[in-house]
Structure formats: C-alpha cells, structure tokens
Amino acid sequence: LPFKDYKGEIHYIQWDHATFSKRDGEKTNILLGIDISETIEKRKALEAAFIQDPVTKLPNRYKLEQVLENYFNKNGDNSDKSLALIFIHVEGIHAVGDAFGQDIEDQLMRLLSERLYGAIGKYGLFVRRYTDQFVLFYPCDSSIKKIMEICQLVAELLKTPFIIEGSSIALRNHIGVSKYPDHANTKEDLIRFGSAAMHEAQRLDLDYYFYHESLGKKLKSKVNGYELNNN
C-alpha cells in the first residue's frame, strides 16, 4: 500500500496483524506496518532491466512478448482489430564490431536506434529484438498502405550513412511483415511468420516482404526430414 510522507516521498507499506497475550491472559490484536519501499524499488529496477535492451534502452523481445500476450488476451477473438509486426533486419552490424570493436558497434546501434525510433516510434512499440533485428508492434487498420509507407521510410532512412569518429558506415536492411488476423491468430505464429517474411526479403534481396501462406509451406519443405502433408 503506497503513501506519501511529509516530504512527498512515496513509501510502500505492508500491513499485517499480530496477536499478543497480555499478562492477565487476554489477547489483543495489533496492526503492524512494515516499510518495504527499498524492496519494491529494487524489484522495479530488476523488472525494468529485464525488459530493456542495455545498449539502446529500447524495449527488448521480452517486452514485445508481454505486449503481444496482453493484446491477444484482449483482442484475440475480435476480427475488427488489426495488428502488424514489422521485422527489420539490419545488415552490417557484426562486420562493424569485428572491424572496429564493440564500442563502435554500440555507438552505431544507438545512432541507428535513435534514427529509426525518431521516424517510426510514434506508430507503436519499437523493440530491439536481437543484435541486428528490430520489430515495430503496430496496431493498425486493415489497409496495408501505411505499412508499406513505413517500410519504404525505413529503407530510405538507412540509405544515409552513419558517421562515427570520422568514418562513414553504410547499412542495408530487409523487412518482413506479418498481420493479425490476415496471417496469424496467435502470438507465436505472428512472430514466426514475421521473422520468416524478413528472412525471405533477405534471401530475395528485397526492401520488404509480406508473409504469404505459400512461404510457410516452402520453408517446411526445406527442413531436413520433414514430410510435407496438408499442414
């Protein structure tokens, strides 16, 4: 239970009852309050660290999964709702780290994150999912026009090189898109299909690629030992 003290600082108090026996044998109940503010603050800090990328300070994959879980719990049966996951793979990150070191790679990631977030962060939750991968959680209408505009904007943004310590660094990107309810009805499938579309864009050297059912069947057929039936 939070409350403010006379300085305006918030404290969290855990209340409990204790029963004591008096000298005359009668029992009395006492309300005890324990200040657990330090414990709460430490827990909040740990929770924040768990869902935040340490380099860019963007939300990470665990935060994305939390938000998706909440979204599907609320809207999973509502066909009027629409959601897109826009997966952005950035080529060249690992090469920069190998050539110039981790510090330069981290600087590049911060500049890259700021540039992308400044342009498309307003549309939804923008996440750094892996070292060279970002995802935009974009609650949208049924039209794909805006999604295509976002994909084109990202491609244009990365055509401008990044300048770090006098060096010009150019990056390339490939984008994959999956939509609810067009492509998937679960959190797991939406993530899987978006990632697959991103890798297909990379394979075909396209700026962006929208998931299609035929892609799923083609990918399964390439898995060693998998027998393709009607699934």
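The values are calculated or read from the model by the stated rules, or taken from the named source; none is laboratory data. The structure displayed is predicted, hence computed values, not measured ones. When we count neighbours, we look across all protein chains shown, and the Cβ atoms used for this are built from the backbone with ideal geometry, even at glycine. Surface accessibility is based on the protein's heavy atoms, side chains included, excluding ligands, DNA and RNA. Shrake-Rupley method; radii C 1.70, N 1.55, O 1.52, S 1.80 Å.
Observations on the structure shown:
- Relative packing of peptides 213-220, 134-141, 108-115 - highest average C-beta neighbours within 10 Å first: 134-141, 108-115, 213-220
- Pairwise label distance in nanometres, Ala95 with Glu188, each label 7 Å out on the Cα-Cβ vector: 3.7 nm
- Per-residue packing, averaged as other Cβ atoms within 10 Å, sorts the ranges 186-199, 92-105 into the order 186-199, 92-105, beginning with the highest.
- Pairwise FRET efficiency - Lys146 versus Leu111, Cβ, R0 = 22 Å, nearest 0.05: 0.30
- In nm, spacing of pseudo-spin labels at Lys159 and Asp207 (7 Å Cα→C-beta vector): 0.7 nm
- Note on the range 72-231: dipole from Cβ charges, positive end direction compared against Gln133, Asn73, Ala201; the farthest Cα belongs to Asn73.
- Val223 paired with Asp80, simple spin-label distance in nm, labels 7 Å along Cα-to-beta-carbon: 3.7 nm
- By accessible area with a 1.4 Å probe, ligands and nucleic acids excluded, highest first: order of Val55, Val90: Val55, Val90
- Accessible surface calculations at 1.4 Å, restricted to protein heavy atoms, place the range 79-231 at 51 Å² per residue.
- Per atom type, the range 133-224 shows carbon and sulfur on 52% of its accessible surface, probed at 1.4 Å.
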